[in-house]
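The values are calculated or read from the model by the stated rules, or taken from the named source; none is laboratory data. Treat the numbers as computed from the prediction; the structure is a model and nothing was measured. In this analysis, Cβ positions are derived from the backbone assuming ideal geometry, glycine residues included, and neighbour counts consider all displayed protein chains. Keep in mind that these areas ignore ligands, DNA and RNA; they rest on the heavy atoms of the full protein, side chains included. Shrake-Rupley method; radii C 1.70, N 1.55, O 1.52, S 1.80 Å.
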Amino acid sequence: MFSEVPSVGSLITNNDESAFGEQVVFSRFCSPFDIKELFCTALGLPRNTGLSLLDSTGAMVSIDPTMPHNTERSPYKVVPLSGGQLADKEELFQNVLTQVAEQFSRAFKINDLKTEVTNRLAMLEKRVELDGMKVVQIEKCRSDIKKLQEEMASKNNSHFIDDNKKLTPRRDVPSYPKYHLSQETMEALRQPSFDVWQWEHNEMLSCLEHMYHELELVKDFNMNPITLKRWLLCIHDNYRMNPFHNFRHCFCVTQMMYSMICICSLQEMFTQVDILILMTAAVCHDLDHPDTTTRKTHILLTYQVNARTELAVRYNDISPLENHHCAVAFQILSQPDCNIFSSFDADTFKQIRQGIITLILATDMARHGEILDSFKIKVDSFDFTDEEHVTCLKMVLIKCCDISNEVRPMEVAEPWVDCLLEEYFMQSDREKVEGLPVAPFMDREKVTKPTAQIGFIKFVLIPMFEAVMKLFPQIEDVMVQPLRGSRERYEQLKQIDEGTYEVRGRGAAKEK
Ligand SMILES: [Zn+2]
């Protein structure tokens, strides 16, 4: 007993009655756990061995710094609760188990972690964007976002998609330039006459973003505005630099869809889910279009099928390109930071996914006749409450938008013909080299702009737009009339071409 040192307690313990006891000295301020450890050390037991303490009468004493002092004559007895050896092994086993569990969760839960961090990030971003919070709070959110981004970066490892880096947006959203569209631009955007050539890529991205806001898709479906930006960037990065099937074509098709929604007041007869499907299918409809292509107009055999390329094999020759566009679209959406559909429940998501797939697959021109015939049967007794009717109309609408360049003013439409011919010629050149059959309308030596366009406008475009006009007479002035005008113009051009040829021919004959 050394009670003269007030901050230290001491105890005599005797584990073996025949042996002389051990003396332990401890601070009055240490924890019961420390005292237990001290006992274990004194008795040569593993540190975490469970102990009970008995006084000389055999009564149990609670182990803590305030327990009664004892003497050498009345030592306490320390009783280990389990065998030391066993506890030792158990400790070792527990350690190994903990380590293994940690390794496993590191390996398998990293994706959960990413989703969780991304969701938290999305929540914070939404707060910043939507609520217009006070500067101090915004600053705090920013620093939180930065911290989370750093955390994500450090947690990021090879479990994430890195085989195709394009699927992850390359640019950081906060540095994405923000364009304020003028009132004039916003008005023009609602018309088929919109000049699609005067915009940089970032400006087109801003326009697309504007459409999603303007149609109230962002508000109604509680979309994170920053996710929308990131998704659009990722879409942009997944269009290739083809002469025709590129991001500007994606923009044109979507802008025409937006015009049709506005001009035909489609929001009055369609649900917002339908509007979302129409817009999103338009945005995604040619994703990752390869550079050798089929004319999506009036052919059955495509380069893809003829050449038995990888895509044709993958999709069993059934709309291989369109299936690929769909697959890429949903690969992009499967990333949490690009998922504009994250607020939907599983059933609604399934419905939207099905809707988008149906529309993108409908852009395969090999199915043109089938789809238009099916629409013509329905159009005279069209029923907006009939799901089949509505789906068929949506398919025709995306088809119209996809091939709608000739609806645009001549100076906007004409450069697209050159782009398309350039893409065809690249394909037919390659087909010639590979010994594949070349479609005459793709052959550099046989095609002229007027011959390429007249048949297409006359037999594909006008009949389809006229069928839609039965439901929406308001498109006659702004869409069907320009098509008729374009047809006439190309017919005149063709006559001029032929006239020139005839004159030349006669001249040649005279010379002979
Ligand atoms: Zn297209």
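With each label modelled as a point 7 angstrom along the Cα→C-beta vector, the residue 73-residue 451 pair spans 12.7 nm. Shape class of region 211-264 from the Cα gyration tensor (axes a ≥ b ≥ c, square roots of the eigenvalues): oblate, since a/c reaches 1.5 or more and a/b does not exceed b/c. Between residue 95 and residue 269, the distance separating the two model label sites (each 7 Å from Cα on the Cα→Cβ line) works out to 7.5 nm. Taking a ≥ b ≥ c as the square roots of the Cα gyration tensor eigenvalues, region 384-497 comes out oblate, since a/c reaches at least 1.5 and a/b does not exceed b/c. When the listed pairs 350/470; 470/494; 399/458; 376/449 are checked against a 22 Å cut-off, the alpha-carbon distance exceeds it for 350/470; 470/494; 376/449.
Solvent-accessible area assigned to carbon and sulfur over region 191-252 amounts to 46 percent, based on a 1.4 Å probe.
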